[in-house]
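Participant: Quick one: the structure is below, questions incoming.
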Amino acid sequence: MDPWLIWLIAAAALAMAEIFTLTAALGMLGAAALVTAGFAAVGLPLPLQFLVFTVVAVAGVVFLRPIALRHLLHPQVERFGIDALVGRTAYAVSEVTGLGGRVRIDGEEWTARTYDETLVIPPGTTVDVIEISGTTALVYPRE
């Protein structure tokens, strides 16, 4: 079997293993094997193939893997959906108690309850959305 084919099989096996582990290390090794397969296809001797694999693998793991992990593990800065409503200002459309009520958040009317069940918020009061529980906004009056 030709050396380039062996390197190509190794690259495919490492890529498949990367899919299951998601460590980015096996992916870098797979890329190094793929580069080495290219050099082996043009007739590079076997000892130099191992040298190419070593250099490319070390460069990938040492320099590219930390960058890849930083992008993968980067926390989400934007909030979407109902998470984006927490902290927003709302206006009480009807009286809001610990049992129920209605508020308007960004032009949409939501069912609401007070965050502190002992409070009663009159209509027209400005409130802050503390939490969203299902389809109900838990609100607290703005001071």
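Participant: For the range 17-75, which positions are open to solvent by 60 Å² or more (accessible area, probe 1.4 Å) and at positive phi?
Facilitator: Residue satisfying the conditions is Leu22 alone.
Participant: Which of the following residues is of a type in the set (Ser, Thr, Tyr) and more than 30 Å from Leu5 (Cα to Cα): Thr54, Thr125? Break it down stepwise before answering.
Facilitator: Values: Thr54 fails: more than 30 Å from Leu5 (Cα to Cα).
On inspection, the qualifying residue turns out to be Thr125.
Participant: When you look at Thr111, is it open to solvent by 40 Å² or more (accessible area, probe 1.4 Å) and at pLDDT 95 or above, yes or no? First the steps, then the outcome.
Facilitator: Working: open to solvent by 40 Å² or more (accessible area, probe 1.4 Å): yes; at pLDDT 95 or above: yes.
Yes; evaluated as a whole, the condition is true for this residue.
Participant: I need every pair where a residue in the range 65-77 that is of a type in the set (Val, Ile, Thr) has its Cβ under 8 Å from the Cβ of a residue that is open to solvent by less than 100 Å² (accessible area, probe 1.4 Å), sequence separation at least 6 or different chains.
Facilitator: none
Participant: If you scan the range 109-130, which residues turn out to be more than 21 Å from Asp83 (Cβ to Cβ) and assigned to a loop (DSSP other than H, G, I, E, B)?
Facilitator: Selection gives Asp116, Glu117, Thr118, Leu119, Val120, Pro122, Pro123, Gly124, Thr125.
Participant: Please go through the range 80-108 and give me each residue that is hydrophobic (A, V, I, L, M, F, W, C), in a loop (DSSP other than H, G, I, E, B), open to solvent by 60 Å² or more (accessible area, probe 1.4 Å) and touching a residue at least 40 places away in the same chain (Cβ under 8 Å), ordered by number.
Facilitator: So in the range 80-108, the residues hydrophobic (A, V, I, L, M, F, W, C) come out as 80, 82, 84-86, 90, 92-93, 96, 99, 103, 105.
Then keep just the ones that are in a loop (DSSP other than H, G, I, E, B); that gives 80, 86, 93, 99.
Subsequent filtering for residues that are open to solvent by 60 Å² or more (accessible area, probe 1.4 Å) retains 80, 93, 99.
The answer is none; no residue qualifies.
Participant: Restricting to the range 1-16, give me the number of residues that are surrounded by 14 or more Cβ atoms within 10 Å (Cβ to Cβ), free of Cβ contacts under 8 Å to residues at least 40 places away in the same chain and over 23 Å from Leu72 (Cα atoms).
Facilitator: 4
The values are calculated or read from the model by the stated rules, or taken from the named source; none is laboratory data. Given the structure is predicted, the values throughout are model-derived calculations rather than measurements. We place every Cβ from the backbone using ideal geometry, glycine too, and count neighbours over all the protein chains shown. Accessible surface is based on the protein model in full, side chains and every heavy atom, while ligands, DNA and RNA are left aside. Shrake-Rupley method; radii C 1.70, N 1.55, O 1.52, S 1.80 Å.
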